[in-house]
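These notes concern the structure reproduced below.
The values are calculated or read from the model by the stated rules, or taken from the named source; none is laboratory data. Predicted, not measured: the structure shown is a model, and the values here were computed from it. All Cβ positions, glycine included, derive from the backbone under ideal geometry; neighbour counts span all protein chains shown. To get the accessible areas, we keep the full protein, side chains included, count just its heavy atoms, and leave off ligands, DNA and RNA. Shrake-Rupley method; radii C 1.70, N 1.55, O 1.52, S 1.80 Å.
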Amino acid sequence: MRLSQRYFIPSVLFNSFKKTNLHKSNKLFFSTTSTTMSEKVIDCTVISDSICPWCYVGKKKLEQALQDAPNVKVNITYKPFFLRDGLPKEGVPINEYLSKAYGMRDISRVNDHLNNVGREVGIEFNDKRLIANTLDSHRLIEYARQKGKQLEMVEAIFKRYFVGGTCISDEKMLADCAESIGFDRQEVLKYLESDENKDKVLNDIRDSKNRGVSGVPYFIFSTPGNPKKVSFSGAQPKEVFLKAFEAVDKQ
């Protein structure tokens, strides 16, 4: 999938992993009929990469939808993804990276579009941030998940990276994120120096790609005990999330 489709203009994939009931899902998502949802717990898996700005925007869109649906209780779990394999650990300026990797000439237009979308959801993107390998950030998010603070860690990393303009692979920056939400800094630094959870992160990424995920953010909604799923990709408007809640509630 080309960068313009996956990274800057995310497409919607209203389907389950098995790509079933595609037509039915489209009708559910774009229905304009207002319905009252019953109180139900919904599981939401978010496949995301820490250097993907649309993943941060998508996070904010999901949060907006949840504010508009007070009866909906969603258990959110983040899963890792690599937008691009083989990125170096040392950072490369975002504009330089986009120019070399994708042959983009008019970077300012791309930045302007992203910045405008970001401001709509309260994000002030730093155009001087660095692109780098995200393995350690995913490992830290997994570390936080195991200790019950995954969502706080995701937000801390997103904010410090996209707004602060730091390097996503910098261990001190990651330790700052962990410390800001209550983790012991030295324990986190020791963890980052190890290979703990590396295999799990890589296996999760491989599993998502094997299931056909090629771009992020990718959202998967389901209810406990029900094998049917509703999923789509991209930082879609909050209305799409609300329709996803409805679709899952009807299953």
Select, from Leu242, Leu151, the only residue that is open to solvent by 50 Å² or more (accessible area, probe 1.4 Å), part of a helix (DSSP H, G or I) and within 20 Å of Ala65 (Cβ to Cβ). Leu151
Among the residues of the stretch 132-166 satisfying the criterion of being touching a residue at least 60 places away in the same chain (Cβ under 8 Å) and β-branched (Val, Ile, Thr), which is nearest to Val92 (Cα to Cα)? Thr134
Picked from the stretch 109-131 (must be open to solvent by 40 Å² or more (accessible area, probe 1.4 Å) and touching a residue at least 40 places away in the same chain (Cβ under 8 Å)), the residue farthest from the chain's Cα centre (by Cα) is His113
Which members of the stretch 85-102 meet the condition of being assigned to a helix (DSSP H, G or I) and open to solvent by 40 Å² or more (accessible area, probe 1.4 Å)? Asn95, Glu96, Ser99, Lys100, Tyr102
Condition met for Ala65 (within 24 Å of Ala244 (Cα to Cα), out of contact with any strand residue (DSSP E or B) (no Cβ under 9 Å at 6 or more places or on another chain) and open to solvent by less than 60 Å² (accessible area, probe 1.4 Å)): no
Looking only at residues in the stretch 175-196 that are aliphatic (A, V, I, L, M) and under 22 Å from the mean Cα position of the chain (by Cα), which one is most open to solvent (accessible area, probe 1.4 Å)? Ile181
Tell me, please, whether a residue that is closer than 14 Å to Ser50 by Cβ, free of Cβ contacts under 8 Å to residues at least 40 places away in the same chain and surrounded by fewer than 20 Cβ atoms within 10 Å (Cβ to Cβ) can be found in the stretch 210-226. no
Looking at this structure, is Ser137 closer than 18 Å to Phe81 by Cα, hydroxyl-bearing (Ser, Thr, Tyr) and open to solvent by 20 Å² or more (accessible area, probe 1.4 Å)? no
Give me the residue from the stretch 161-174 that is over 15 Å from His138 (Cβ atoms) and in a helix (DSSP H, G or I) and, out of that set, most open to solvent (accessible area, probe 1.4 Å). Lys172
